[in-house]
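Here's the structure, in structure tokens; my notes come after.
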Amino acid sequence: WVTAFAPRMGYAPARDEVWRDFPDGRVVFIARDPWSWYASEKGLPRHEGRTTDWLGLWQQSVAEAIVAKRERPDRVFLLTYEALVTDTERTMRSLAEWLGIRWDPILLVPTFNRLPTQPNSSHDVKGTGVQRAPLDLWRNVLDAETVERIRVEGERKYRRIVKLADIRT
């Protein structure tokens, strides 16, 4: 497999280009709960001073993943970030099977060219490997008003994508 990551690559109309350019290609969507996603995305240094509808961006990403899964259920794999972090082996074994690749324990470790890498996180995480700490850091970062807004505007949509996910917690 050739792999690539680009923000919004699975969104229409880019998704149509992926299907056109890679007729046997596949897309993996990772859905993250809206609270930890919001805290992580908003905290990235590149966003400092920007006012953005962060929750709207999250909602769009979930909507695009849902549409993609419905359009091409055999070519789109949905998993939750929480499953990837809390049940890494089960999640990666399922993904490897879906891709038709042989299982290798290296799939349990974030790597670049088989070399362990530090997580790409807006939170201060130390070391290499899968990190569980970012799952709950939102509790220390988001104020009560933001937490409630996300619950009202995002929880139902998150539950919907979790139901559609191939791998969920």
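Bear in mind that the values in this text are calculations on the coordinates, not laboratory data. The structure presented is a predicted model; accordingly, all values stated were derived computationally and were not measured. Don't worry about glycine lacking a Cβ; one is built from the backbone with ideal geometry, like all the others, and counts go over all protein chains shown.
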Share, in percent, of DSSP beta bridges within the chain that are antiparallel, nearest 5: 25 percent
Positive-pole candidate from V62, V147, A6, dipole of the chain, charges at beta carbon: V62
Kyte-Doolittle mean at least -0.5, axial Cα span of 24 Å or more - DSSP H helices of the chain: 54-71
Taking R0 as 30 Å, what's the FRET efficiency between R26 and A144 from their Cβ-Cβ distance, rounded to 0.05? 0.15
So what is the 222 nm mean residue ellipticity for the chain from helices alone, if each DSSP H run of at least 4 adds -39500 (n - 2.57) and you divide by all residues, rounding to the nearest 500 deg cm²/dmol? -14000 deg cm²/dmol
How large is the translational diffusion coefficient of the chain in µm² per second when you combine the Kirkwood radius over alpha carbon pairs with Stokes-Einstein at 25 °C and 0.890 mPa s? 143 µm²/s
